[in-house]
1. Per residue of the chain, what 222 nm ellipticity follows from adding -39500 (n - 2.57) for every DSSP H run with n ≥ 4, rounded to the nearest 500?
2. Just want the answer: with Cβ charges of +1 for Lys and Arg and -1 for Asp and Glu, which residue in Phe109, Gln73, Tyr43 is farthest toward the dipole's positive end in segment 23-122?
3. Please tell me the relative contact order of segment 1-58 in percent, rounded to the nearest whole number, where contacts are Cα pairs under 8 Å and at least six residues apart.
4. Checking the table Lys55/Lys83; Lys12/Lys41; Lys55/Lys107; Lys41/Lys123; Lys12/Lys85 against a 19 Å threshold on Cα-Cα, which pairs fail?
5. Between His25 and Ser99, what is the label-point separation in nm under the 7 Å Cα-to-beta-carbon projection?
6. Set the Förster distance to 22 Å, then compute FRET efficiency between Thr42 and Lys85 from the Cβ-Cβ distance, nearest 0.05.
7. Calculate the spin-label point distance for Ala75 paired with Lys123, positioning each point 7 Å from the Cα along the beta-carbon direction, and give it in nanometres.
8. Which value, in Å², gives the accessible area per residue of segment 35-75 when a 1.4 Å probe is used on the protein heavy atoms?
Amino acid sequence: MRLPDALARFNKIVTNPIQRMWAPHLPPFAMVEHVGRKSGKTYSNPVLAWVDRDKLTIVLTYGRHTDWVRNVQAAGSFTIVRKDKRYRVTGPRVVPSDSPDLAGGAKIFAMPFESALLGTLHKD
């Protein structure tokens, strides 16, 4: 399953600006900060992210082909702000949502979706 593109557009305009106020502070929400692969502009996107030691899992509710996912994969790293802490994430890769590599808390939430993004956390 993947959430509809119309919902993604609505969230980009209406919901995301509101979520940016509290997502970096309230887990499992977090903020992904990345640079556009074409524009070079810095972007931030609220996501649902789970952490298990140094492993990060973000369930890709809109699928693997969203701009931010393509940006972080092209760059090979990105920053995430979670619980008011900033981390560098390296080695972002997309895996099926039933992968045993997902962080424990993400496994149930990921079940109805097709894929998740995994990466390794490093303190900034």
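1. After summing the helix terms and dividing by residue count, I get -5500 deg cm²/dmol.
2. Among Phe109, Gln73, Tyr43, the one farthest towards the positive end of the dipole of segment 23-122 is Tyr43.
3. RCO, segment 1-58: 25 percent.
4. Lys41/Lys123; Lys12/Lys85
5. 3.2 nm
6. According to the calculation, E is roughly 0.70.
7. So the two model labels end up 2.2 nm from each other.
8. 55 Å²
The values are calculated or read from the model by the stated rules, or taken from the named source; none is laboratory data. The structure displayed is predicted, hence computed values, not measured ones. A quick note on method: Cβ atoms are made from the backbone with ideal geometry, for glycine too, and the neighbour counts reach across all protein chains shown. Calculation scope for accessible area: heavy atoms of the full protein, side chains included, ligands and nucleic acids excluded. Shrake-Rupley method; radii C 1.70, N 1.55, O 1.52, S 1.80 Å.
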